[in-house]
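Chemist: My questions all concern the structure below.
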Amino acid sequence: MLQAFVQAATQGSFSAAARKLGKSQSTVSAAVASLEIDLDVVLFDRSSRKPTLTPAGQVLLQRAEQVLEAS
């Protein structure tokens, strides 16, 4: 889930993240949605064609990148 979120945030789209991860777009979207439910927070503003990070998403991105780099 965390990798899907980081890739979606850094690639700028769920489709690009899916290509990078070798997964389907629906798998990446579902992983991010599941993460949002688990954390009870909205991570992306999906009101436009290109999803953008919310303030909570920006905070999580910084921490998630640190966690993934350390592992």
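Each reported figure results from applying straightforward, stated rules to the coordinates on display, with no laboratory input. Here the structure is a predicted model, which is why all the values come from computation and not from measurement. Every residue, glycine as well, gets a Cβ built from its backbone with ideal geometry; the counts of neighbours run over all protein chains shown.
Chemist: Under the rule of at least 5 residues apart or a separate chain, name every residue whose amide H is placed under 5 Å from the amide H of Phe44.
Modeler: Amide H to amide H, under 5 Å and 5 or more residues apart or across chains, Phe44 pairs with Thr54.
Chemist: Next up: Please report, in debye to the nearest 20, how large the charge dipole of the chain is about its Cα centre when each Lys and Arg carries +1 at its beta carbon and each Asp and Glu carries -1 there.
Modeler: My answer is approximately 380 debye.
Chemist: Looking only at Ala18, Ala56, Ala33, which one moves most when the chain is put into a Gaussian network model with springs between Cα atoms under 10 Å?
Modeler: Taking springs between Cα atoms under 10 Å, the residue moving most is Ala56.
Chemist: Within the stretch 46-67, name every residue whose backbone N is under 19 Å away from a label modeled 7 Å from Cα of Gln25 along the Cβ vector.
Modeler: Output list for this probe position: 46-53.
Chemist: Mean-square fluctuation check for the chain, GNM, Cα pairs under 10 Å: which of Ser26, Ser47, Ser15 is largest?
Modeler: Answer for the Gaussian network model of the chain: Ser47.
Chemist: Mean shadow of the stretch 2-70, computed from the convex hull of its alpha carbons, in nm²?
Modeler: Spelled out: convex hull of the Cα atoms, projected over all directions, averaged, 4.3 nm².
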